[in-house]
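The values are calculated or read from the model by the stated rules, or taken from the named source; none is laboratory data. Remember, predicted model here, so these are calculated numbers, not experimental data. Every residue, glycine among them, receives a Cβ derived from its backbone with ideal geometry; neighbour counts consider all protein chains shown. All accessible areas refer to the heavy atoms of the entire protein, side chains included, with ligands and DNA or RNA removed. Shrake-Rupley method; radii C 1.70, N 1.55, O 1.52, S 1.80 Å.
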Amino acid sequence: MMIVFLDNKTTIASIMPNQDSEIKDGKLNIENEIIANIGPIKLDGEWLFFWDRFLTPQQFDVKNEDSFIVDVPNNWNDYKINEVERYGHATYLLNVKVNEADLGEVVSLYIPNVATAYDLWINGEHLVSSGKVGKNRKEMKPHEHPEIITFTIKQSEFDVLIHVSNFHQRKSGLWNSLTFGTVEQINELKSKNILLQSFVVGCILIIGFYHLVIFYYRTTDLSALFFAITCFAIGLRTMILREKLFFVVFPQINWEIGVTIEYLAAIYGILFFLLFIMREIAFEKIKKINIVFVFLLLFYSLFVVFTPARIFTNTYTFLEILIFLIVVTIISISIYGVKMKFKSAYLNLFGLFVLALAVLNDLLFYSNKISTDEFVSFGMLFYLFTQSIRLARRSAKSYERNEKLSKELQTLNTLLETKVEKRTKELQIVNTKLREMENARRRLLASVSHELNTPLTFIQGYVKAMMDGVVPKEDSTYLRAVYKDTQMMARMIEDLQELSTLESGQFTFQLEDVDIRLFLRQLYEEQRPSFKEFDLNFTYKEQVAKVNIPVVCSIDPIRIKQVFNNLIVNAQKFTPAGGIVTVEVEIPAKENENEIKVSVIDTGIGIDKHDIPYIFERFYKVNGKQYYSEKGSGLGLVITKEIVENHGGEIGVMSKIMEGSSFYFTLPIKEENNGEKKNNTSSRRRRKDS
Ligand code: ADP
């Protein structure tokens with residue numbers, strides 16, 4: 001005889017034992033078959049059942065008296081036999097007829113959990129005890145552990161006699177199938193079951209540890225913690241329920257504590273899963289419902305802890321209803337998630353669907369309504385796996401987002417750097433300009449005060465001389481000199497004001513379309529008489545490409561006249577008597593055919609090449625010697641340049657010392673384009689930089 005203490009409760013769908021052989025009236029007849037060919041055989045069917053008595057093998061002859069025929073597996077209180085109650089003791093009997101060929105064969109019987117203690121005999125030989133059977137609670141000792149017994153078939157017909165007593169829990173009697181087969185068949189069954197259960201438990205625990213580590217490194221992520229605890233609870237429950245691996249590791253744990261842990265693992269598994277769900281979903285109503293569930297589970301767990309198994313196992317219906325409601329709620333949430341197109345919603349729903357099927361199966365299985373198997377741990381593993389995918393996807397997405405953000409940040413940084421660089425350069429340029437302007441302003445102020453100071457000193461000198469009587473008061477020469485100086489000062493101030501309005505851009509030019517040839521000729525004519533005074537020769541030359549066509553320029557006539565006259569006056573001033581001043585007009589200019597060029601050429605004193613670049617600056621003095629007359633303020637050329645540039649033209653000079661100077665300015669010609677007049681002036685007009 002060999003008693004093998006191994007876990008065996010569950011048979012897995014894929015290796016389900018053969019159910020073809022029928023058990024009728026407490027008899028299994030397989031005399032026409034070889035066990036090795038048809039096993040393993042589930043011993044489900046009609047067993048003989050003796051309530052309230054322990055029939056001994058010696059009472060063989062009475063076995064058919066006062067017996068019931070009952071369906072195994074089932075709880076005996078579900079038989080609806082009048083005197084049979086949940087708590088009590090009974091004898092099960094099965095007669096097996098085997099083929100002569102199987103005589104001497106060593107076979108095994110796989111006995112899962114029997115509620116809650118039993119003794120087993122085969123053909124009068126006592127083979128195994130689980131716990132201690134008794135006729136009342138005090139006498140018996142509960143124990144539930146799947147076992148395999150191995151025996152040799154000595155006769156072609158033998159009896160399987162089992163005493164069972166239950167005074168401790170909801171389940172009663174042979175509520176789980178027994179399996180019979182050759183030693184190899186049963187061992188294979190057992191190995192596969194253990195392997196599968198270890199696999200399931202291993203996977204669940206690894207998922208749990210993984211999320212615990214995530215929580216360890218990111219303690220704000222409570223989802224990970226709740227999920228990890230759910231995994232541990234489910235893993236523990238799986239270890240207790242199926243192959244009872246838990247009791248292989250901790251054999252000293254007694255039956256009562258084992259059942260309590262089994263219930264608590266289920267309760268806390270669901271409780272932490274609800275907490276996990278609550279963190280994952282956003283809408284408040286469901287959260288409130290979940291809180292109610294959480295509290296109910298919490299109270300129920302206390303109830304389980306503080307009451308004995310015989311009480312709390314009988315409230316299984318309450319737990320059933322609660323789990324059912326929770327599953328319905330979670331499924332509703334998932335359907336809502338799909339509707340609202342939440343992330344991973346389909347995956348979630350699919351996982352839940354599989355789990356819900358497994359839970360439904362188990363509810364029916366444990367209340368003996370169907371005879372399948374315990375599947376919830378597989379369903380749970382699958383669901384936990386889908387949740388892990390969801391969590392993993394979420395963290396991968398957040399990494400991705402992080403990477404994207406840091407890349408964006410990097411580009412933004414570089415962009416910002418270039419922007420800052422650009423702005424700094426711009427600021428530097430503006431700064432330099434401002435500094436130049438400030439210097440120019442200082443220079444201007446210094447020059448203005450100096451320029452005003454000179455005539456003022458003269459005036460003071462004259463007036464003092466008159467007051468001191470050095471100059472007779474009747475002599476008007478000095479007074480006239482004073483008057484000239486004041487005139488000159490007034491002129492200078494006037495010029496400064498004009499220049500300032502021109503430079504500020506506030507000056508508005510009164511533009512008109514003018515036949516430029518006619519206009520210039522008129523200016524020349526106006527100036528001609530003054531040349532006689534200076535004893536200078538004044539001539540006018542035109543180089544015109546198309547003689548008869550009027551050339552139109554858009555100009556402010558008064559201002560252009562000012563430019564022209566200024567150049568003429570300068571030529572008069574710096575050309576000694578007998579010299580020649582020539583006005584030369586090129587239409588169009590040689591350099592640019594969209595412009596006209598007006599030159600005022602003299603045979604005067606000329607300008608040193610070192611001075612040329614500066615003569616368009618304010619108060620620039622050639623040879624350091626300032627020349628003043630009532631017509632000159634040292635600002636004439638600056639104003640002239642400003643006006644020409646405002647018309648979109650250019651001004652310049654070519655000069656040789658002692659030979660003469662040639663001042664010129666250009667003006668854009670107004671083009672006639674496609675019959676539509678287009679003002680070339682405006683398109684080319686530009687302001688001076690400063
Ligand atoms: P101002 O009103 O004192 O003449 P401008 O700005 O018109 O001042 O001229 C500036 C300086 O340029 C003159 O002081 C003179 O030295 C020089 N300049 C201008 N025109 C001529 C010219 N035709 N020949 C020689 N020097 C000239």
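As I understand it, the dipole of the chain uses +1 on the Cβ of Lys and Arg and -1 on the Cβ of Asp and Glu, about the Cα centre. Which of Y316, S449, I596 lies farthest toward its positive end?
Toward the positive end, the furthest listed residue is S449.
Which shape class applies to the chain: rounded if a/c is under 1.5, otherwise prolate when a/b exceeds b/c and oblate if not, where a ≥ b ≥ c are the square roots of the Cα gyration tensor eigenvalues?
Details: a/c = 6.51, a/b = 4.70, b/c = 1.38.
In terms of gyration-tensor shape, prolate.
Testing the spin-label approximation: label points 7 Å from Cα along Cα→Cβ at S476 and V420. State their distance in nm.
7.5 nm
In nanometres, what is the gap between the two model label sites at E593 and T508, each 7 Å from Cα along Cα-to-Cβ?
3.7 nm
Quick check: at a probe of 1.4 Å, how many percent of the accessible area of the stretch 169-259 sits on carbon and sulfur atoms? It would help to have the intermediate numbers written out before the result.
Values: 2740 of 3800 Å².
On the stretch 169-259, the fraction of accessible area on carbon and sulfur atoms equals 72 percent.
Give me the distance between the Cα centres of the stretch 395-423 and the stretch 131-203, rounded to whole Å.
66 Å
Show me, for the stretch 174-180, the HN-Hα J-couplings you get by feeding each phi into the Karplus relation (A = 6.51, B = -1.76, C = 1.60, θ = phi - 60°), rounded to Hz, glycine and proline as x.
So the Karplus estimates, Gly and Pro as x, are 7, 8, 10, 4, 9, 10, 10 Hz.
May I ask you to evaluate 6.51 cos²θ - 1.76 cosθ + 1.60, the Karplus curve with θ = phi - 60°, for each residue of the stretch 303-318 and list the ³J(HN,Hα) values in order in whole Hz, giving x for glycine and proline?
Taking θ as phi minus 60°, the curve returns 4, 5, 5, 9, 10, x, 4, 5, 8, 6, 5, 7, 9, 4, 4, 4 Hz for the stretch 303-318.
For the stretch 337-424, rounded, prolate or oblate, judged on the Cα gyration tensor with a ≥ b ≥ c (square roots of eigenvalues), a/c < 1.5 rounded, else prolate if a/b > b/c? Can you show the working numbers first?
Working: a/c = 10.08, a/b = 4.67, b/c = 2.16.
It is prolate, given that a/c is not under 1.5 and a/b is the larger ratio.
How much of K407 can a 1.4 Å solvent probe reach, expressed as accessible area in Å² and rounded to 10?
The value for K407 is about 140 Å².
I'd like the Karplus ³J(HN,Hα) series for the stretch 138-149: coefficients 6.51, -1.76, 1.60, θ = phi - 60°, whole numbers in Hz, and an x wherever there's a Gly or Pro.
Those phi angles translate into 5, 5, 8, 10, x, 7, 9, 7, x, 9, 10, 10 Hz.
Compute the angle between helix 183-217 and the longest alpha-carbon principal axis of the chain, please, reported from 0 to 90 degrees and rounded to the nearest 10.
30 degrees
Ranked from the most accessible area to the least, with a 1.4 Å probe and all protein chains present, what is the order of S301, S332?
Details: S301 0, S332 55 Å².
If we order S301, S332 from most to least accessible, we get S332, S301.
Report, to the nearest 10°, how far helix 636-646 tilts away from the longest principal axis of the Cα atoms in the chain, using its own Cα long axis and a range of 0 to 90°.
On a 0 to 90 degree scale, this one is about 50.
Rounded to the nearest 10 Å², what accessible area does K192 have for a 1.4 Å probe in the complete protein model?
We get 80 Å² for K192.
Along the charge dipole of the chain, which of I605, A233, V160 sits closest to the positive end, that is, farthest toward it, with unit charges on the beta carbon of Lys, Arg, Asp and Glu (+1, +1, -1, -1)?
I605
If I compute solvent accessible area with a 1.4 Å probe over the protein chains, what percent of it on the stretch 373-479 is carbon and sulfur? Before the final figure, lay out the partial values.
Values: 5100 of 8130 Å².
Result for the stretch 373-479: 63 percent of the exposed heavy-atom area is carbon or sulfur.
Of M488, M654, which has the most accessible area with a 1.4 Å probe, and how do the rest follow in descending order?
Order by accessible area, largest first: M654, M488.
For F509, what accessible surface area do you get with a 1.4 Å probe? Give it in Å², rounded to 10.
Counting only protein heavy atoms, the figure is 40 Å².
Please give the direction-averaged projected area of the C-alpha convex hull for the stretch 177-240, in square nanometres with one decimal.
Working: hull surface 19.5 nm².
The directionally averaged projection comes out at 4.9 nm².
For E105, E526, give the ranking by accessible area with the largest first, probe 1.4 Å. Intermediate results must be reported in sequence, preceding the final value.
On the way: E105 65, E526 105 Å².
Most to least solvent-accessible, the answer reads E526, E105.
Explain nothing, just the number: dipole magnitude of the stretch 332-432 about its Cα centre with +1 on each Lys and Arg Cβ and -1 on each Asp and Glu Cβ, in debye rounded to the nearest 20.
On the way: 15 positive and 9 negative charges, 107 e Å.
Its charge dipole is roughly 520 debye.
So, for the chain, what is the accessible surface per residue at a probe of 1.4 Å, expressed in square angstrom? If you can, show how the numbers build up before the last one.
Details: 36190 Å² over 690 residues.
Per-residue accessible area for the chain comes out at 52 Å².
Starting from the Cα-Cα distance between E400 and K541, subtract it from 0.36 nm times their residue separation and give me the gain in nm to one decimal. Don't skip to the answer; put the middle values down first.
Numbers: separation 141, 0.36 × 141 = 50.76 nm, distance 7.99 nm.
Stretched out fully, the E400 to K541 stretch lengthens by 42.8 nm.
According to the square roots a ≥ b ≥ c of the eigenvalues of the Cα gyration tensor, what is the shape class of the stretch 310-387, taking rounded for a/c under 1.5, prolate for a/b larger than b/c otherwise, and oblate for the remainder? Can you show the working numbers first?
Numbers: a/c = 2.86, a/b = 1.85, b/c = 1.54.
Prolate, since a/c reaches 1.5 and a/b exceeds b/c.
If you scale each eigenvalue of the Cα gyration tensor by 5 and take the root, what three semi-axes come out for the stretch 374-423, rounded to whole angstrom and sorted largest first?
Numbers: eigenvalues 447, 3, 3 Å².
For the stretch 374-423, the ellipsoid semi-axes come out as 47, 4, 4 Å.
About its Cα centre, how strong a charge dipole does the chain have in debye, to the nearest 20, once Lys and Arg get +1 and Asp and Glu get -1 at the Cβ?
On the way: 79 positive and 82 negative charges, 522 e Å.
The dipole magnitude comes to about 2500 debye.
Quote to one decimal, in nm, the extra length available between I257 and N314 on full extension: 0.36 nm per residue of separation minus the C-alpha distance between them. Please list the in-between numbers first.
On the way: separation 57, 0.36 × 57 = 20.52 nm, distance 1.61 nm.
Computed gain between I257 and N314 is 18.9 nm.
In debye to the nearest 20, how big a dipole does the stretch 514-586 give about its Cα centre with +1 on each Lys and Arg Cβ and -1 on each Asp and Glu Cβ?
Values: 9 positive and 9 negative charges, 8 e Å.
Computed charge dipole of the stretch 514-586: roughly 40 debye.
Test of understanding: extend the Cα→C-beta vector of E100 to 7 Å, then name every residue of the stretch 145-164 with backbone N under 14 Å from that spot.
Only 155-157 fall inside the zone, counting backbone N under 14 Å.
Using amide H atoms built in the peptide plane, which far-off residues or other-chain residues are under 5 Å from K141 H to H?
Distant-sequence amide H within range of K141: K132, V133.
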